[in-house]
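For reference, the structure discussed in these notes is given below.
The values are calculated or read from the model by the stated rules, or taken from the named source; none is laboratory data. Fair warning: this is a prediction, and the values are worked out from it, not measured in the lab. Here the Cβ positions follow ideal geometry from the backbone for every residue, glycine too, while neighbour counts run over all protein chains shown.
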Protein chains: 2
Amino acid sequence: MKIKDIAKLAGVSPATVSRVMNNNGYVKADKRKAVEAVIKEVGYQPNEIAKSLKNQKSKIIGVIVPKISTETASRIVDGITQVTKTRNYQLLIANTNQQIEEEINSLKFLSNKLVDGIIMSATEVTDQHIEVARRLTVPLVIIGQKMEGFTCVLYNNYNAVTDLFNYIVDSGHQEIAFIGVDQRDIEVGQIRKQAYLDGLERHQLPYNPDLVAIEDFSIESGYKAMTRILEKRLPTAVMAVTDHLAIGAIQAIRDCGYRIPEDVSVTGIGDIKLAQYLSPPLTTVHYNFKTSGQIAAEQLFNQMDQEEKYVAEDIYIDYDLVIRNSLKKR
Amino acid sequence: MKIKDIAKLAGVSPATVSRVMNNNGYVKADKRKAVEAVIKEVGYQPNEIAKSLKNQKSKIIGVIVPKISTETASRIVDGITQVTKTRNYQLLIANTNQQIEEEINSLKFLSNKLVDGIIMSATEVTDQHIEVARRLTVPLVIIGQKMEGFTCVLYNNYNAVTDLFNYIVDSGHQEIAFIGVDQRDIEVGQIRKQAYLDGLERHQLPYNPDLVAIEDFSIESGYKAMTRILEKRLPTAVMAVTDHLAIGAIQAIRDCGYRIPEDVSVTGIGDIKLAQYLSPPLTTVHYNFKTSGQIAAEQLFNQMDQEEKYVAEDIYIDYDLVIRNSLKKR
DNA sequence: TACTTAATTGAAATCGATTTCAGTTTTATT
DNA sequence: AATAAAACTGAAATCGATTTCAATTAAGTA
């Protein structure tokens, strides 16, 4: 069923049917009624592809995430849908599996008028990213990383880690281990570590490389990293750069026969849903990922609505220190 | 940049450019080279919408999920991408927030040639679902629920719960509580409960309504349900219909001053990622959601490839009993 | 060499909607 | 009643690709 068929059945032209469907332009009451009757009767739904082509917009937002099956990503997407739904926009999701290659490809592909805007939750920003992004003909908003010239929704990693570090020190800890990730991830790998290093200095604590381990994002990585640290030295507190790493670390510490938090305190970052249900409940930093998705979507719509060039800005998402029992005062 | 512009720059017709792009039809080597040079130089990427309209396929698969920010859903989507990626298909995700209304709307909307096929992870199947589904002009595969006339990827809930129940009884438990969900969810609400009831009968255990509580899917619901049960009676084991419910139940049991598994054993179903990192680690049933996504996608492509009507079939996904320490032998 | 077949090319139709434009009918105003 | 303004309508152009079709050229064969 196409618009032509409806037109024929209702005894009008396709133009009139279009006017009825979109409720614009003049249509006499009786014709409108006739058209509406036919539409209802045959259950006509217009071809969205044809509409998109003619209207030069698809009403689809492209979303690029490193891995959808991750609490962070799925919550961000949740937040995005919350906003897009109010505008009747659909979401095209590109799962890149953390591969830079895929990320670039998705950016390129989505830009070809398939989507009206793009939100990318990035783990790494390379020169190639920036180059492709600049060529984009649709607005782009970045979540989680800074990218010059684009609106970015960011987590205030430096302050969060600093607050957490201060809290750990204030709780009486001096030997604080750090489990981080690769430096290519600026926000999580670099900034969070820098805040740790600056924290040490501020409190005049010595930097001990034996207490620092860098790994991937998985729980298993946390386990490995912690094991490596324990082979060298037993810290009184461990600051892991994500909750998953913290969970892995806890496991490793227990497997070595130590108790948490009596022997070693552990903290994470992110506040995954289950953080409070672990035993002991995890001390961590709460980020509202859903909110960041919402804000990114709002920013994107702002840019799409704007005719002239939009001024990029960095938006920082609030965080909360969540004090639970995985950290013990000494 | 459109195909016409490329044609002009390369000194050929749009038809020739199209032939080069899609590598079909005859094109002389020199013209091909010329066209390829221009394409590369200007970084031409064809308008996907226009292609879709002309080709009568969008190379997009629609995915309808109750809530993307759920481990189950996001893993399913992960599995789907795994398969769609090999075919260069994109994913359009409709997040319905568990609202039937939204589910129906999404089905209707997606069908209008916007997508080439649909995968729906349903929680409930109403008559309205079936009616809309029958009118669809694109193939549809269902995950998690049975729907007459459509290919369904199912979890063998009855057998899984039966195995688990047997294991609990074999471990010496007689007072087994049950935390379930609404019966409108046939697979989780109805079948899992029926397996519990049949289990009682098979082992000649009395049915005690005080030991059964029905709630929503959240952790909090598990807490509420367990609290209600504990007000009446103290079971030796609790069978929760999802891991999240189990986690809530564990919390409630602890808050009443009982130990797990010494005083009360608890089991879940689903085997979420963190199940093994809880303390005690959760005894549960492992479902491979990612695999179900993959299989659903493969089935969908099969149908899309097929010219004639495809014969619907039910496919059951394997499960594994995962024995951990949240259940204690008596 | 004559003739068949294969290779090459671009003009124009097509996909299914929207919108402009020009023509026609109503309605409002003086 | 005359005229201006508003309401209504459909034919045709358009969005940006693909593909058919017919025309032309090159290659192969007897």
- Message: Looking only at the range B:4-26, how many residues end up being within 11 Å of DNA strand C (Cβ to nearest atom) and either surrounded by 19 or more Cβ atoms within 10 Å (Cβ to Cβ) or of a type in the set (G, A, S) (or both)?
- Response: 11
- Hey, among B:V42, B:V65, which residue is farther than 25 Å from A:V63 by Cβ and of a type outside the set (F, W, Y)? B:V42
- Task: Determine whether the range A:173-191 contains at least one residue that is at pLDDT 95 or above, touching a Phe, Trp or Tyr at 6+ places or on another chain (Cβ under 9 Å) and within 30 Å of A:E307 (Cβ to Cβ).
- Result: no
- Counting only residues that are of a type in the set (A, V, I, L, M, F, W, C) and farther than 11 Å from B:I142 by Cβ, which one in the range B:113-126 is farthest from DNA strand D (Cβ to nearest atom)? B:V115
- touching a Phe, Trp or Tyr at 6+ places or on another chain (Cβ under 9 Å) and in a loop (DSSP other than H, G, I, E, B) - does that describe any residue in the range B:153-166? yes
- Message: Show the residue pairs meeting these rules: Cβ distance below 8 Å; 6+ apart or different chains; first residue within the range A:1-13 and more than 17 Å from A:N47 (Cα to Cα) and not assigned by TED's automatic domain parsing to the domain that holds A:K31; second residue surrounded by 14 or more Cβ atoms within 10 Å (Cβ to Cβ) and at pLDDT 95 or above.
- Response: none
- Message: Cβ contacts < 8 Å: first residue without any contact (Cβ under 8 Å) to a residue 60 or more places away in the chain, restricted to the range A:30-45; second residue polar (S, T, N, Q), any location; separation 6+ or different chain. Result?
- Response: A:K31/A:T16; A:V35/A:T16; A:Q45/B:S111; A:Q45/B:N112
- Residues that are over 20 Å from A:L205 (Cβ atoms), in contact with a helix residue (DSSP H, G or I) (Cβ under 6 Å, 6 or more places away or on another chain) and surrounded by 24 or more Cβ atoms within 10 Å (Cβ to Cβ), drawn from the range A:221-249: A:G222, A:D243, A:H244, A:L245, A:I247, A:G248
- Task: Could you list, in sequence order, all residues of the range A:250-281 that are touching a helix residue (DSSP H, G or I) at 6+ places or on another chain (Cβ under 6 Å), of a type in the set (A, V, I, L, M), touching a residue at least 12 places away in the same chain (Cβ under 8 Å) and within 11 Å of another protein chain (Cβ to nearest Cβ)?
- Result: A:I260, A:I272, A:A275
- Of everything in the range A:114-148 that's touching a Pro at 6+ places or on another chain (Cβ under 9 Å) and within 14 Å of chain B (Cβ to nearest Cβ), which residue is nearest to A:L53 (Cα to Cα)? A:D116
- Does B:E71 satisfy the criteria of being of a type in the set (D, E), farther than 18 Å from B:I118 by Cα and within 16 Å of DNA strand C (Cβ to nearest atom)? no
- If we only count helices (runs of 4 or more DSSP H) wholly inside the range A:1-112, which ones have 1 or more residues that are facing chain B (nearest Cβ under 8 Å) and under 30 Å from A:I142 (Cβ atoms)? A:48-55, A:71-86, A:100-111
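Mind counting the residues in the range B:27-40 that are more than 10 Å from DNA strand C (Cβ to nearest atom), surrounded by 11 or more Cβ atoms within 10 Å (Cβ to Cβ) and among the charged types (D, E, K, R)? Before you say what the answer is, go through the steps one by one.
Step one: list which residues in the range B:27-40 are more than 10 Å from DNA strand C (Cβ to nearest atom), which gives B:33, B:36-40.
Filter again for surrounded by 11 or more Cβ atoms within 10 Å (Cβ to Cβ), leaving B:33, B:36-39.
If we keep only those that are among the charged types (D, E, K, R) too, we end up with B:33, B:36.
Qualifying residue count, the range B:27-40: 2.
Across the range B:282-294, what is the number of residues that are facing chain A (nearest Cβ under 9 Å) and either of a type in the set (G, A, S) or buried (at least 24 other Cβ atoms within 10 Å of the Cβ) (or both)? Let's see the steps before the verdict.
Kept after step one, since they are facing chain A (nearest Cβ under 9 Å), are these residues of the range B:282-294: B:289-290.
Pick out the ones that are also either of a type in the set (G, A, S) or buried (at least 24 other Cβ atoms within 10 Å of the Cβ) (or both) and you get B:289.
Count: 1.
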